[in-house]
1. Please determine, by comparing only the residues of segment 200-211 that are over 16 Å from the mean Cα position of the chain (by Cα) and more than 12 Å from V78 (Cα to Cα), which one is surrounded by the most Cβ atoms within 10 Å (Cβ to Cβ).
2. Return yes when S162 is on the phi > 0 side of the Ramachandran plot, within 15 Å of the chain's Cα centre (by Cα) and of a type outside the set (F, W, Y) and no when it is not.
3. Condition check: touching a helix residue (DSSP H, G or I) at 6+ places or on another chain (Cβ under 7 Å), assigned by TED's automatic domain parsing to the domain that holds V226, modelled with pLDDT under 95 and among the hydroxyl-bearing types (S, T, Y). Does S44 satisfy that?
4. Residues being polar (S, T, N, Q) and surrounded by 23 or more Cβ atoms within 10 Å (Cβ to Cβ): count how many of those fall in segment 248-266.
5. Only residues that are within 10 Å of T57 (Cα to Cα) and of a type outside the set (A, V, I, L, M, F, W, C): list them for segment 88-108, please.
6. Check G279, G270, G197, G221 and return the single one that is at positive phi, of a type outside the set (D, E), surrounded by fewer than 20 Cβ atoms within 10 Å (Cβ to Cβ) and out of contact with any strand residue (DSSP E or B) (no Cβ under 9 Å at 6 or more places or on another chain).
7. What are the residues in segment 242-272 that are touching a helix residue (DSSP H, G or I) at 6+ places or on another chain (Cβ under 7 Å) and either part of a helix (DSSP H, G or I) or free of Cβ contacts under 8 Å to residues at least 24 places away in the same chain (or both), if any?
8. Just to be sure before I move on: is L105 assigned by TED's automatic domain parsing to the domain that holds T156, at pLDDT 95 or above and not in a loop (DSSP other than H, G, I, E, B) in the structure I sent?
Amino acid sequence: MALETDPKAARIDDHSTKTVDPLSRNGDMFASGTGRNSFLFRHSLSDHPLFDLPNLTLLAERLARHDAVYWSAGPIGVSDRWETGTEGRPPLMTALEDIHHGNALVMLRSVVHDPIFAPVIRHTLERIIDLTGPTLRDDLIGARATILIASPHRITAYHIDSDLNFLMQISGKKLFRVYDRTDGTLITNEELERYFGGDANGAVYRKERLNDADAYFLDAGLGVHVPPMSPHWAQNGDDVSIAVSFNFDLHSIERVARIHKVNRRLRNLGWRPRPPGAGRVADRAKLALYRLYTAKRRWNKGPEGPDGSAWQPPLRP
């Protein structure tokens with residue numbers, strides 16, 4: 001998605017082309033841990049002046065023209081749904097102006113395509129790929145980034161994501177909890193089937209398992225890696241929080257998603273389907289069923305173009 005340039009696009013547009021390595025202080029942590037477990041790392045994006053609130057407000061104005069902004073306001077609990085706080089919310093610009101007191105969360109999406117922010121965002125995405133190595137590059141469908149601006153003490157509700165996530169704290173503090181995605185008592189196959197079936201709130205929070213999470217205290221210059229489908233939630237500290245989420249969509253997770261979608265339909269028919277990975281033959285049969293079903297839908301509906309939300313890094317020789 002290409003976004004038009006605005007004469008007010010940035011107060012300091014010379015900073016958008018800086019190519020300082022934002023992850024120079026990390027060793028082989030990315031190559032050994034990515035996709036396997038959550039881990040803490042350091043970054044230097046918090047030193048970049050492009051990510052201050054006035055510049056982000058201008059970015060929000062540009063992205064709003066393309067419906068690339070989510071925001072909510074009002075009290076939020078750990079187990080609330082994503083749509084909580086979106087009814088009766090103030091206008092976007094009002095929410096940002098009152099971000100210090102309005103108990104709001106603003107998510108700026110498709111940042112990877114913004115003409116002002118794209119250089120530093122894409123450079124950081126490429127550095128993550130370089131540090132992680134061929135395992136990520138060979139599995140990659142596309143990459144995205146979202147900037148999150150949230151009020152003091154604001155809670156981001158418990159949820160899962162299907163992408164590989166590197167969250168980098170720019171300013172403010174937050175407590176970030178990540179749970180083990182391999183624990184079937186925390187995240188069940190039925191919950192995954194609901195999620196991949198289209199319910200963003202498919203994961204169910206269990207308050208009695210609060211202390212089973214890995215807890216990370218994030219400050220400016222710190223980040224946390226969240227593997228795909230790892231439940232997580234966060235609560236901000238006393239100041240406005242600004243963070244950037246760098247996300248990678250993977251072929252391997254897309255295959256798992258397709259099997260969960262088929263399993264959901266089978267479960268609705270009264271079957272007890274085996275989860276992805278439980279049987280190679282069963283997985284192949286379900287993937288074939290999925291291809292057949294989606295081919296029929298495309299035939300009936302006509303071709304669907306890409307949504308333009310992801311970005312693909314340049315090929316390496």
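The values are calculated or read from the model by the stated rules, or taken from the named source; none is laboratory data. Given the structure is predicted, the values throughout are model-derived calculations rather than measurements. All Cβ positions, even for glycine, are placed from backbone atoms using ideal geometry, and neighbour counts span all protein chains on display.
1. Of everything passing the filter in segment 200-211, R209 is surrounded by the most Cβ atoms within 10 Å (Cβ to Cβ).
2. So S162 fails the test.
3. No: the conditions fail for S44.
4. 1
5. E97
6. Answer to the selection: G270.
7. Answer for segment 242-272, where residues must be touching a helix residue (DSSP H, G or I) at 6+ places or on another chain (Cβ under 7 Å) and either part of a helix (DSSP H, G or I) or free of Cβ contacts under 8 Å to residues at least 24 places away in the same chain (or both): R255, A257, R258, I259, H260, K261, V262, N263, R264, R267.
8. Taking the combined requirement at face value, the residue satisfies it.
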